[in-house]
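Below is one structure; the comments refer to it alone.
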Amino acid sequence: MRRAVCPGSFDPITNGHLDIIVRASRLFDEVVVAVGINKTKATLFTIDERMDFIRQAVRSHPDSPTNVVVDTSHGLLVDFCRVRGVQSIVKGLRAVSDFDYELQMAQMNNSLAGVETLFMSTNPQYAFLSSSLVKEVARYGGDVSGLVPDIVLKGLRDRSAS
Ligand code: ADP
């Protein structure tokens with residue numbers, strides 16, 4: 001089975017992430033979305049909330065792919081790949097500024113375990129999008145509808161109302 005992983009913190013998932021996940025699902029038999037657990041990094045949403053948002057966003061997408069699974073990952077991504085039988089990592093590239101770091105990671109992962117990284121260019125509609133920017137705009141009452149899945153929009157509104 002050709003399996004790929006889309007790793008990230010997804011705090012929260014944006015339409016940019018979702019676009020990459022759905023496009024990857026057309027190229028592989030299975031796509032595993034690996035939500036990173038990083039105890040040193042403060043997140044707005046819990047791991048369960050982040051996973052639930054991803055599952056609901058994928059289900060509500062017009063393609064509604066059935067070959068996307070969501071899992072947690074901690075430690076080295078190459079260990080996750082070995083345990084889950086994943087041969088490829090799929091990453092979205094927004095701008096040249098993403099490239100330096102992503103290239104270094106891709107080469108390290110290849111040298112550690114022979115895992116290949118494939119880069120997919122972002123949908124230009126979402127090239128400026130990041131989870132941190134979405135959170136900042138939402139915190140100050142800005143409108144992020146159209147940039148995140150509806151379930152995330154609701155989550156952000158609930159969070160700022162509490
Ligand atoms: P990180 O915590 O490493 O910043 P994120 O959870 O924000 O990771 O994103 C995970 C991955 O999703 C990124 O490495 C990138 O490949 C991809 N990504 C994030 N935002 C976008 C976007 N707007 N368009 C395409 N890909 C994106």
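The values are calculated or read from the model by the stated rules, or taken from the named source; none is laboratory data. Every value quoted in this text rests on a predicted model; they were computed, and no experiment measured them. Cβ sites come from the backbone with ideal geometry, for glycine too, and all protein chains shown count toward neighbours. These accessible areas exclude ligands, DNA and RNA; they are computed on the full protein's heavy atoms, side chains included. Shrake-Rupley method; radii C 1.70, N 1.55, O 1.52, S 1.80 Å.
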Identify, please: which residue in the stretch 102-129 is of a type in the set (S, T, N, Q) and surrounded by 14 or more Cβ atoms within 10 Å (Cβ to Cβ) and is, among those, farthest from residue 10 (Cα to Cα)?
110
Pairs returned, first residue in the stretch 111-133 that is closer than 23 Å to residue 81 by Cα, second residue that is open to solvent by 70 Å² or more (accessible area, probe 1.4 Å) and near the ligand (Cβ under 10 Å from one of its atoms), beta-carbon separation under 9 angstrom, 6 or more apart or interchain, are 117/105; 121/94
Selection from the stretch 26-66 of residues more than 24 Å from residue 79 (Cα to Cα), open to solvent by 80 Å² or more (accessible area, probe 1.4 Å) and touching a residue at least 12 places away in the same chain (Cβ under 8 Å) yields 26, 60
Of all residues being β-branched (Val, Ile, Thr) and either within 9 Å of the ligand (Cβ to nearest atom) or assigned to a loop (DSSP other than H, G, I, E, B) (or both) in the stretch 102-138, which is farthest from residue 155 (Cα to Cα)? Just the residue, please.
115
Is there a residue in the stretch 21-30 that is more than 13 Å from the ligand (Cβ to nearest atom), at pLDDT 95 or above and of a type in the set (A, V, I, L, M, F, W, C)?
yes
For the stretch 85-96, indicate whether the set of residues that are more than 23 Å from residue 23 (Cα to Cα) and free of Cβ contacts under 8 Å to residues at least 60 places away in the same chain is non-empty.
no
Number of positions in the stretch 85-99 that are part of a helix (DSSP H, G or I), within 13 Å of the ligand (Cβ to nearest atom) and open to solvent by 90 Å² or more (accessible area, probe 1.4 Å):
1
Whichever residue in the stretch 124-142 is touching a strand residue (DSSP E or B) at 6+ places or on another chain (Cβ under 9 Å) and not hydrophobic (A, V, I, L, M, F, W, C) and, among such residues, is nearest to residue 20 (Cα to Cα):
126
Do the conditions hold for residue 75, that is, is it under 12 Å from residue 6 (Cα atoms) and not β-branched (Val, Ile, Thr)?
no
